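Working notes for the structure below.
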Amino acid sequence: MKEIKNPKTLQREMERLRRSGRTLGFVPTMGALHEGHLSLVRRARRENDVVVVSLFVNPLQFGPKEDFSRYPRSLGEDRRALRQEKVDYLFRPLAPSFYLSGHQTFVEARELSRGLCGRFRPGHFRGVATVVTKLFNLVMPHRAYFGAKDYQQARIVQALVRDLNFNLEIKVLPTLRDRDGLALSSRNRYLSSRERKRALAIPRALAWARDEVRKGQRSLPSLKQGILRRLRASKVRIDYVEFVEPDDLTPVRGLKAPFLIAVAGWVGKTRLIDNAIMWP
Ligand code: AMP
């Protein structure tokens, strides 16, 4: 695995590979890798000649009071895991060479950034859309891989690829979960064992909702109340529980067509998100 820090060096190397006719698969990450990340890497490995992973804790997508400085970092382990998956390139830029001083161009997906996490993390998706745009321009991949755990992010990336004419394919892969159902996340490392148990209320509430829908429940208020009750019982401090259209993330009225339930909440000082598509 070749490690590159300098953006220009990476871009040159990628250009050379592309010219030689090889297909490039790209997985952007912030490191502290887990099986969820590795599921994307494995898919990229199967579908492309060359696999590029970026590891960059992007300051632009963290608010001033968020966890940028304490975001988990585990470079040694990450490297080992990526080598094992036969990744070809690890791009690990340093912030000052990635955002040059005087940086002033930003990318924003308007409507898609407004609701859900966008409401609670102002500027977050602008940071995400900007970093992803820059990474796409550096790597120039044929395919890029994202996880459905960050559903709103994946929709925003799909929109920016379409809106800005990036010539690449976005693949959104399912959320990987621990055996107990908790969605894998780098932030799970913050949780004490007691907090982890409380966090399970999130996937369990979603599983309960899925069961209810399967049994024929079509009342949005009943489902929402049931979810809220389950989260509150485990002292999850709720940012939102929303029922939205899977495509444009606008609130749904009835529960006839497939819809997404998206949840964000705090367990202690850790913010967790999860979601599930329901098929009535
Ligand atoms: P992050 O390092 O948190 O920015 O995540 C990098 C990529 O991994 C994003 O596309 C995430 O959606 C994806 N990802 C994170 N957690 C999971 C998971 N549990 N299952 C699948 N993909 C995930």
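The values are calculated or read from the model by the stated rules, or taken from the named source; none is laboratory data. Computed from a predicted structure; not experimentally measured. Cβ placement follows ideal geometry from the backbone for every residue including glycine, while neighbour counts extend to all protein chains displayed. Surface areas here come from the heavy atoms of the whole protein model, side chains and all, with no ligands, DNA or RNA. Shrake-Rupley method; radii C 1.70, N 1.55, O 1.52, S 1.80 Å.
A few remarks follow.
- Checking Arg19, Arg45 one by one, the residue that is open to solvent by 10 Å² or more (accessible area, probe 1.4 Å), free of Cβ contacts under 8 Å to residues at least 40 places away in the same chain and more than 13 Å from the ligand (Cβ to nearest atom) is Arg19 and no other.
- Criterion: open to solvent by 10 Å² or more (accessible area, probe 1.4 Å) and out of contact with any Gly (no Cβ under 6 Å at 6 or more places or on another chain) - qualifying residue of Phe26, Phe68, Phe91: Phe68
- For the stretch 213-225, a residue qualifies if it is surrounded by fewer than 17 Cβ atoms within 10 Å (Cβ to Cβ) and assigned to a helix (DSSP H, G or I), and the qualifying residues are Arg214, Leu220, Pro221, Ser222, Lys224, Gln225.
- Number of the condition not met by Arg179 [criteria: (1) open to solvent by 40 Å² or more (accessible area, probe 1.4 Å); (2) within 16 Å of the ligand (Cβ to nearest atom); (3) touching a residue at least 60 places away in the same chain (Cβ under 8 Å)]: (3)
- Meets criteria (more than 16 Å from the ligand (Cβ to nearest atom) and among the basic types (Lys, Arg)) for Arg119: yes
- Test: residue in the stretch 189-202 that is open to solvent by 20 Å² or more (accessible area, probe 1.4 Å) and within 16 Å of Ile261 (Cα to Cα): no
- The conditions of being within 16 Å of the ligand (Cβ to nearest atom) and outside any loop (DSSP other than H, G, I, E, B) are not met by Ala205.
- Among (1) out of contact with any Asp or Glu (no Cβ under 7 Å at 6 or more places or on another chain); (2) part of a helix (DSSP H, G or I); (3) free of Cβ contacts under 8 Å to residues at least 40 places away in the same chain, the one test that Arg210 misses: (3)
- The residues on offer are Leu191, Leu135, and the sole one that is of a type in the set (A, V, I, L, M, F, W, C) and not assigned by TED's automatic domain parsing to the domain that holds Gly25 is Leu191.
- Sole exception among (1) away from the ligand (no atom under 16 Å from the Cβ); (2) surrounded by fewer than 18 Cβ atoms within 10 Å (Cβ to Cβ) for Leu10, by number: (2)
Yes or no, residue by residue, for (1) among the aromatic types (Phe, Trp, Tyr); (2) open to solvent by 10 Å² or more (accessible area, probe 1.4 Å); (3) modelled with pLDDT of 95 or more:
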{"site": "Leu228", "(1), (2), (3)": "no, yes, yes"}
{"site": "Leu231", "(1), (2), (3)": "no, no, yes"}
{"site": "Ser234", "(1), (2), (3)": "no, yes, yes"}
{"site": "Pro251", "(1), (2), (3)": "no, yes, yes"}
{"site": "Ala257", "(1), (2), (3)": "no, yes, no"}
{"site": "Trp266", "(1), (2), (3)": "yes, yes, yes"}
{"site": "Arg271", "(1), (2), (3)": "no, yes, yes"}
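- The stretch 145-173, residues that are near the ligand (Cβ under 7 Å from one of its atoms) and either within 15 Å of Leu116 (Cβ to Cβ) or open to solvent by 40 Å² or more (accessible area, probe 1.4 Å) (or both): Ala148, Lys149, Asp150, Gln153, Ala154
- Residues located in the stretch 94-125, provided they are surrounded by fewer than 19 Cβ atoms within 10 Å (Cβ to Cβ), part of a helix (DSSP H, G or I) and not aromatic (Phe, Trp, Tyr): Ala95, Pro96, Ser97, Glu111, Arg119
- Test for Leu33: is it within 16 Å of the ligand (Cβ to nearest atom) and farther than 26 Å from Glu15 by Cα: yes
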